[in-house]
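Just below is one structure, and these are the notes that go with it.
The values are calculated or read from the model by the stated rules, or taken from the named source; none is laboratory data. Given the structure is predicted, the values throughout are model-derived calculations rather than measurements. Note that each Cβ is placed from the backbone with ideal geometry, even for glycine, and that neighbours are counted across all protein chains shown.
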Amino acid sequence: MLGRKEAPKPAGPQSQTNGHAATPITLLTVVGEHAKMEGKFEITDSIQIECEVGGELQVGGKLVIGEKGVVNANVNTVDAIIMGHYDGNLAATGNVEITATGRVSGNIQTDSLVISKGGFFNGNVTKINEPGGGQRPVYLIDEKRAGAVQQVPR
């Protein structure tokens, strides 16, 4: 089932995101417990997926993969929140968040990646706007020693 709903407006002086004025966005929602879609999709707004989608996605806003969502596609988007399963190459000019229920396999290219406790990620991360285009080291934070940081060998 397809539906559209307005995303909530941010309040207060922080109504700017990444230097752009925050405006209400339309969130297209694709829901279907047994629905499967395959192809090349170009969405100018934001989309929430609660079914199985494969192929290629070009999203002009935010991609939200819900807990029941399964996406096997190459994706270009602004922001992404992954609560379900994602497999492919993801390029996001903004933020990527893998929630506690999110499962990601593939490569991510973004400026900001957050993986919540319980979230799963298997792949490589490349920072889009890294000066010099070089890769930075990855650090593992051990919960038992709060504040202590260990460098993960490559």
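State whether one or more residues within region 19-34 are modelled with pLDDT of 95 or more and among the acidic types (Asp, Glu). No, the conditions are met nowhere in region 19-34.
Within region 56-79, not a single residue is under 12 Å from the mean Cα position of the chain (by Cα), at positive phi and crowded, with 18+ Cβ neighbours inside 10 Å. Please state which one of 106, 61 is at pLDDT 95 or above and within 27 Å of residue 126 (Cα to Cα). None of the others qualify; the one that does is 106. Here residue 84 does not fit the description of being among the small types (Gly, Ala, Ser), surrounded by 13 or more Cβ atoms within 10 Å (Cβ to Cβ) and modelled with pLDDT under 95. Taking the stated definitions as given, is residue 101 part of a loop (DSSP other than H, G, I, E, B), more than 23 Å from residue 129 (Cα to Cα) and either of a type in the set (Asp, Glu) or modelled with pLDDT of 95 or more (or both)? Against the criterion (part of a loop (DSSP other than H, G, I, E, B), more than 23 Å from residue 129 (Cα to Cα) and either of a type in the set (Asp, Glu) or modelled with pLDDT of 95 or more (or both)), residue 101 qualifies. Of the residues making up region 45-60, at least one is among the polar types (S, T, N, Q), touching a strand residue (DSSP E or B) at 6+ places or on another chain (Cβ under 7 Å) and in contact (Cβ under 8 Å) with a residue 24 or more places away in the chain. Number of residues in region 112-121 that are under 14 Å from the mean Cα position of the chain (by Cα) and either assigned to a loop (DSSP other than H, G, I, E, B) or farther than 17 Å from residue 78 by Cβ (or both) equals 5.
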